[in-house]
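Heads up, the thing below is written out as structure tokens.
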Amino acid sequence: LCRKLVQDPDNAKLRMSAIDAYLGLLDSPAGARALLNPSVGQVYCTYVPLAAKGTRELASAVLMELGNWYVAMARKAPPTTRPTLARRAASYYRAYLRKLSQQGATVAAVQEARATINAALKQAGLASLPNEVLFRDPVVQKAFDRAVDWLWSRQAADGAWVTHTEGDSHDYGNYNTRSTATALAALLAGGASITDSRVVKAVRWLEPTVTRQTEGVAFRCLVWMEVQKRKPGAARRMLSNDVTTMVRATRNGSYGETVTSWNYARIQESWPGPVGVDAGERAGLKAPRSYWQLVAGFWSGRQRADGDISPSSKVNAKAEPNTRLTVNGAGCLALALNRLHGPDAVKKLSGIDVEPLTRVLDWMDKNFASLAALRPENTLARDRGDLPSHRAPAGEASAPEHLIFSEAFYMLSNIGLVTGREKLGQVKWWADGSRYLAGLQNTDGSWGGIIDTARVVLFLTNGYSYEQANQADLPALLTGAAAAATAPATTRPAEPEPLSDFEARRLLRSRESTLKSRLRNHPENQAVARQLVRLYVLELKEPQKALAYADRTGNYWIKRYIGLLSTAPNTLGQDEALGLADWHLQMADGATDDGRTLALTRAVGYYRAYLARNPGFASDAEKAKTSLERATDALSAMSGP
């Protein structure tokens, strides 16, 4: 068409055909823009230049107009170009909804706009928009989007999410059922379509896979529930089988690591079972009432007089309270009592029937003062990456660093969702919890490993459901200023008392000694060498000592970077500024809160210095802009709403 157009430039019909090909076949509005002239008419001259711009540059009204224009073209288009035009229309509509939310529209208004758009798409014979998750807080939205992208990036070619390389086991079945079911449940809850080829591949892997893992079966129930919601009947048989397995796997409301380990039940393994059976109930199945009585009886039987959950079957009043376990137990009690006595009783906490839940929530009101209680202890960094609290089983592909007790955050969201409470203990579980987790997110989008990241995504989707159910009259998204205005400092969760300078320094020196000892025993361990370098550069602020270990990290640029730390960013060369920025962004993921703030602040300065020099390669500049945005967002999330 373009060759013909060169030979006959005055042929308006030929020119419009070439423009249509750029729009419908190549999805290239920029290419179409180069062919514009007055002969093609006002419609093309108006819309094509707008379509060539990025969605961030366009006003919400323009996005809506572009979506409508592409729908009109798709309606008349041949089958070869119709899918491309429909995808482009959907992208403009999604951008419109997001921008509408950012401008302060209420949740109800966004839902109404989505319904109007879907009605227009249906009339044109096109697929409706997926039920995209839109959070009130833009920082949380970005954290969610990055986590979803990271989870998809970890999917294997066969559709599974792999955390073990051993394959099957007689006792457990396939090890990777747990990680695959958890990741897929999170992605489906986050709005993934069941017709997405990646979802189809994962379902085909998951359905025939044999597993005996309690958590694997439980979270597979969540997958089948999400499939059932979108396509009734498609997964009913699989869901029924897995729910029946979970019901039969307990004798007293507790569970073991596998669904056949009745005699080895442990309280730490007993929280996933009720989650899986509750998913079946939400999808229309009916579990025996006796099952929920067993669950409620087990957890209430572990309660002490003040309401917290004892880790021992012998309720020992002298044992230290376990906040993590108590939150998990409260979540199971909320699910069980909701099924036994109905949502009104659980939300109003009325009557003797819900007394166990009342007592545990009272305990949380008095003792749950900070979300930091749901993070690993015994390290200065609260296990942000230095000390592995997770011992990897033989054959595990990676040993993810536990930044948080992810199952406790997930169960906290279940408590809030079932009870309808904004505050649990002394924290706002959703407003504070979402920001808190966004501040802990690694720069790659994860919260450690596949399972931890998937559970956090489930926490976020539960929070989204809470917003839809309880806050429809509030803005769908809040700008940073608005978020600060609605969450004054007095409502922020209480933080632990800060360590004295002397005590903090003592702990850092103890950490230094531990790492040096480990490196002496394993001199080839690059991970320990990197931790020592990070400790000296960010925590102890003694970069010269880091030089002795720089060569052992496997990155021979680090010695050069350490030598440049005292140089002002605006005097560095482009490669030096970019290298220092990337290095500090990587170190931020394993640092303490103070060290992480220092690393991110430096990274922002180095990225800005690099971009100020107008990099020659557009791809490098774009990558640096993306990294700068991530570092800035992480700093913003750490500072709180």
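The values are calculated or read from the model by the stated rules, or taken from the named source; none is laboratory data. Values in this document were obtained by computation on a predicted structure and should not be read as measured data. No Cβ is skipped: glycine too gets one built from the backbone with ideal geometry, and neighbour counts run over all protein chains shown.
Residue by residue, here is whether (1) surrounded by 16 or more Cβ atoms within 10 Å (Cβ to Cβ); (2) within 23 Å of GLY331 (Cβ to Cβ); (3) modelled with pLDDT of 65 or more holds:
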position	(1), (2), (3)
ARG421	yes, yes, yes
VAL427	yes, yes, yes
ILE451	yes, yes, yes
VAL456	yes, yes, yes
TYR464	yes, yes, yes
ALA469	no, yes, yes
GLY480	no, no, no
PRO488	no, no, no
ALA504	no, no, yes
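Residues of region 564-577 that are in contact (Cβ under 8 Å) with a residue 12 or more places away in the chain and out of contact with any Pro (no Cβ under 8 Å at 6 or more places or on another chain): LEU564, PRO569, ASN570, LEU572, GLU576.
With the condition kept exactly as written, say whether any residue in region 367-377 is at pLDDT 90 or above, assigned by TED's automatic domain parsing to the domain that holds SER179 and touching a Leu at 6+ places or on another chain (Cβ under 8 Å). So far as region 367-377 goes, yes, one or more of its residues are at pLDDT 90 or above, assigned by TED's automatic domain parsing to the domain that holds SER179 and touching a Leu at 6+ places or on another chain (Cβ under 8 Å). Does ARG324 satisfy the condition of being in the same structural domain as VAL217 (by TED's automatic domain parsing), over 22 Å from TRP429 (Cα atoms), in contact (Cβ under 8 Å) with a residue 12 or more places away in the chain and charged (D, E, K, R)? Here the answer is no, as ARG324 does not meet what is asked.
Does VAL6 count as in contact with a Lys or Arg (Cβ under 6 Å, 6 or more places away or on another chain) and either in a helix (DSSP H, G or I) or buried (at least 19 other Cβ atoms within 10 Å of the Cβ) (or both)?
Working: in contact with a Lys or Arg (Cβ under 6 Å, 6 or more places away or on another chain): no; either in a helix (DSSP H, G or I) or buried (at least 19 other Cβ atoms within 10 Å of the Cβ) (or both): yes.
So VAL6 does not fit the description; no.
State whether the residues of region 48-62 include one that is part of a helix (DSSP H, G or I), touching a residue at least 24 places away in the same chain (Cβ under 8 Å) and more than 28 Å from the chain's Cα centre (by Cα). Within region 48-62 (the criterion being part of a helix (DSSP H, G or I), touching a residue at least 24 places away in the same chain (Cβ under 8 Å) and more than 28 Å from the chain's Cα centre (by Cα)), the answer is yes, since at least one residue qualifies. Scanning region 160-179 for residues that are modelled with pLDDT of 85 or more and either of a type in the set (D, E, K, R) or surrounded by 19 or more Cβ atoms within 10 Å (Cβ to Cβ) (or both) yields ALA160, TRP161, ASN176, THR177, ARG178, SER179. Here region 231-246 is the region considered, the condition is being over 28 Å from the mean Cα position of the chain (by Cα) and part of a helix (DSSP H, G or I), and the residue that is surrounded by the fewest Cβ atoms within 10 Å (Cβ to Cβ) is ARG237. All of (1) out of contact with any Asp or Glu (no Cβ under 9 Å at 6 or more places or on another chain); (2) on the phi > 0 side of the Ramachandran plot; (3) not aliphatic (A, V, I, L, M) hold for SER270 with one exception: (2).
Return yes or no: is TYR536 touching a Lys or Arg at 6+ places or on another chain (Cβ under 7 Å), modelled with pLDDT of 90 or more and among the aromatic types (Phe, Trp, Tyr)? Before the answer, list the steps.
Details: touching a Lys or Arg at 6+ places or on another chain (Cβ under 7 Å): yes; modelled with pLDDT of 90 or more: yes; among the aromatic types (Phe, Trp, Tyr): yes.
Considered against the rule, which asks whether it is touching a Lys or Arg at 6+ places or on another chain (Cβ under 7 Å), modelled with pLDDT of 90 or more and among the aromatic types (Phe, Trp, Tyr), TYR536 comes out as yes.
Taking the criterion of being closer than 20 Å to ARG602 by Cβ and at pLDDT below 85, the only residue of region 506-530 that qualifies is LEU508.
The single residue among THR195, THR209, THR180, THR260 that is within 25 Å of the chain's Cα centre (by Cα) and part of a loop (DSSP other than H, G, I, E, B) turns out to be THR195.
Within region 325-354, can you find the residues that are among the charged types (D, E, K, R) and modelled with pLDDT of 95 or more?
ARG339
Is it the case that some residue within region 213-230 is assigned to a loop (DSSP other than H, G, I, E, B) and either surrounded by fewer than 21 Cβ atoms within 10 Å (Cβ to Cβ) or touching a helix residue (DSSP H, G or I) at 6+ places or on another chain (Cβ under 6 Å) (or both)? Looking through region 213-230, none of the residues is assigned to a loop (DSSP other than H, G, I, E, B) and either surrounded by fewer than 21 Cβ atoms within 10 Å (Cβ to Cβ) or touching a helix residue (DSSP H, G or I) at 6+ places or on another chain (Cβ under 6 Å) (or both).
Scanning region 378-413 for residues that are at pLDDT 80 or above and touching a strand residue (DSSP E or B) at 6+ places or on another chain (Cβ under 7 Å) turns up just one, LEU412. Selection of region 249-267 for residues being more than 21 Å from TRP292 (Cβ to Cβ) and not aromatic (Phe, Trp, Tyr) yields GLU257, THR258, THR260, SER261, ASN263.
Considering only region 574-584, I want to know if a residue exists there that is under 12 Å from ARG534 (Cβ atoms) and outside the structural domain of ASP444 (by TED's automatic domain parsing). Scanning region 574-584 turns up at least one residue that is under 12 Å from ARG534 (Cβ atoms) and outside the structural domain of ASP444 (by TED's automatic domain parsing). Checking each residue in region 10-47 for being among the hydrophobic types (A, V, I, L, M, F, W, C), surrounded by fewer than 18 Cβ atoms within 10 Å (Cβ to Cβ) and part of a loop (DSSP other than H, G, I, E, B) picks out LEU25, LEU26, ALA34, LEU36. Every residue in region 116-132 that is without any contact (Cβ under 8 Å) to a residue 12 or more places away in the chain and β-branched (Val, Ile, Thr), please. Across region 116-132, the qualifying residue is only THR116. In summary, ALA108 fulfils each of the numbered conditions (1) surrounded by fewer than 20 Cβ atoms within 10 Å (Cβ to Cβ); (2) not assigned by TED's automatic domain parsing to the domain that holds TYR70 with the single exception of condition (2).
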